[in-house]
Amino acid sequence: MDIRSYRRWFALIAMTVSSVLATYVWADPPTRFTNNGSVANTRHNLTQSTATGGISAVMDLFRNNYGEVCVYCHTPHGSQTLQQMPLWNRTIKATTYTTYDQLGTSTLTGTVSQPGNPSLTCLSCHDGQTAIDSIINMPGSGNYLASQTTSQNTAFLDAWDGATGPTSHFGLNSNNNTLGDGTGTQGCTICHRTILSATIPDFTLFNIGTDLTNDHPVGITFPTTTGAGTDWNTPGGTKGTSLYFDVNTNTKMDKDEIRIYSGQVECASCHDPHGVPDPANGNQFKPTFLRVANTGSALCLTCHNK
Ligand code: HEC
Ligand code: HEC
Ligand code: HEC
Ligand code: HEC
Ligand code: HEC
């Protein structure tokens, strides 16, 4: 089936399914990944190769399947040189985000800046502006383009050696309701959204967008006055410019410990994008890539003394 007939077929299915299920209340189905052992077994495996059910072929029309898990985020050579972005392989577009302070809550005391680098890493997919497969150094020698550090070049992505046929380059954006045209402006959420089909996970909540006023503040200063009598717990550990809550007091910044980057809370303060094993639960990764599972609000209460 060529890509056009595939699209027509899919549009037909989509219309039928959505009209039949119009009153169905959506719940995100459990993932097909095991969420154990490696990032390869999580939703951040964008090759989808280890999920049971052979689903990666469906997605091959909408992003380059590089066949490697790490490369969507990291490269050993030719990475970004921005601070606190370890060997970062993704396009970071210059963006002005609508920050949490613009919500105007009277309670907020700290200074909010634009998201710092340990948030921009995540937002390079989760703000929906950049294709999932927009990387600087694609697998194979010579598949490198310096301008990819700041802008997405669709012709470069199209030329990838391993591409099996016409591939669109989708991001997590949800603004588009027609199937991809190869310009990179269409989104994964054309399929991954409410009620399209009971087996396709809904990603609309994962598309955080560029308006961060409905998200826990990032780029927010962590108070320097903490401890008894204040609203804040004291991060005991220091590593370079970072602080962390050294729960096991081994003086190492472990992945299951909440951290403050250069005095600020960022996405990676609460989340580890590779998954954090929970020894109390057969080393299953904690839900939602969290460093500390939020059972009993344990995550929130690490920082907030409430
Ligand atoms: C043509 C529709 C379609 C498009 C477009 C699409 N997907 Fe999918 N996706 C599916 C289907 C179908 C499944 C399999 C659902 C199942 O049965 O588990 C799936 C499953 C997935 C899964 C596995 C979910 C899990 O946890 O088990 C991931 C991850 C995923 N898609 C990512 C993406 C990304 C990223 C994009 C955009 C680059 C994308 N998809 C675009 C149809 C689509
Ligand atoms: C979905 C994106 C993503 C994927 C896929 C990914 N990483 Fe990462 N990785 C990150 C981010 C973001 C950071 C920085 C976290 C921070 O700010 O502290 C990171 C940090 C790291 C670090 C240094 C800090 C740490 O947490 O240990 C190593 C090492 C690393 N990744 C290795 C890997 C390897 C190896 C793979 C493939 C098996 C991989 N990563 C796949 C996003 C990813
Ligand atoms: C890494 C530390 C950290 C963690 C973990 C954390 N917060 Fe916060 N939170 C902050 C900081 C810092 C602020 C900014 C406080 C200020 O400047 O007034 C904040 C602000 C807030 C605010 C107030 C915003 C306002 O407008 O006044 C709420 C509500 C909040 N957090 C709830 C939560 C919840 C719920 C959780 C758990 C899901 C959580 N926080 C986890 C550090 C954290
Ligand atoms: C290479 C693109 C990419 C990067 C970079 C990335 N993500 Fe994701 N993330 C995705 C996609 C695609 C999904 C949806 C997959 C699915 O649901 O099957 C996702 C899903 C998630 C989920 C939902 C998981 C769940 O089980 O509900 C969380 C949480 C998340 N990402 C957090 C982060 C954080 C935090 C960072 C940065 C530290 C980050 N991501 C970096 C692509 C990315
Ligand atoms: C203060 C801690 C904290 C910070 C900072 C934070 N998150 Fe989360 N995030 C959470 C918690 C807790 C959940 C789980 C919510 C739930 O289960 O409903 C979550 C859920 C998510 C999800 C899954 C969708 C959802 O709402 O359940 C995504 C995607 C995500 N976070 C991405 C990000 C990105 C990107 C950033 C930075 C812009 C970020 N997070 C910053 C605590 C945080």
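In sequence order, the stretch 230-241 has phi-based couplings of 10, 7, 10, 7, 9, x, x, x, 10, 9, x, 8 Hz under the Karplus curve 6.51 cos²θ - 1.76 cosθ + 1.60, θ = phi - 60°, and Gly or Pro positions carry x. Surface listing: Glu68, Glu257 arranged by accessible area from highest to lowest gives Glu68, Glu257, probe 1.4 Å. Straight-line cross-link reach from Lys93 at under 22 Å between alpha-carbon atoms covers no lysines, not counting any fewer than eight positions away in the same chain. With the convex hull drawn over the C-alpha atoms of the stretch 48-144, the volume per residue is 143 Å³. Ligands, DNA and RNA aside, Trp88 has an accessible area near 20 Å² when probed at 1.4 Å.
Seen from Ala51, the other residues with C-beta closer than 10 Å to its C-beta sum to a net charge of +2, counting Lys and Arg as +1 and Asp and Glu as -1.
For Asp215, the solvent-accessible surface computed with a 1.4 Å probe is close to 40 Å², ligands and nucleic acids excluded. Put Asp256, Asp278, Asp272 in order of accessible area, highest first, and with a 1.4 Å probe you get Asp256, Asp278, Asp272.
Residue separation of Asn248 and Lys306 scaled by 0.36 nm, minus their Cα-Cα distance, works out to 18.7 nm of gained length. Residues whose amide H lies under 5 Å from that of Ile258, counting only those 5 or more places away or on a different chain, are Phe245; hydrogens are built 1.01 Å from N in the peptide plane. Solvent-accessible area of His216, all protein chains in place: 120 Å² (probe radius 1.4 Å, heavy atoms, ligands and nucleic acids excluded). Nonpolar atom fraction for the stretch 222-303, defined as the carbon and sulfur part of the 1.4 Å probe accessible area, stands at 57 percent. Heavy-atom accessible surface of the stretch 234-306, averaged per residue, reaches 53 Å², computed with a 1.4 Å probe.
The values are calculated or read from the model by the stated rules, or taken from the named source; none is laboratory data. Because the structure is a prediction, the values reported are computed rather than measured. A quick note on method: Cβ atoms are made from the backbone with ideal geometry, for glycine too, and the neighbour counts reach across all protein chains shown. Heads up: the accessible areas ignore ligands, DNA and RNA and are worked out on the full protein's heavy atoms, side chains in. Shrake-Rupley method; radii C 1.70, N 1.55, O 1.52, S 1.80 Å.
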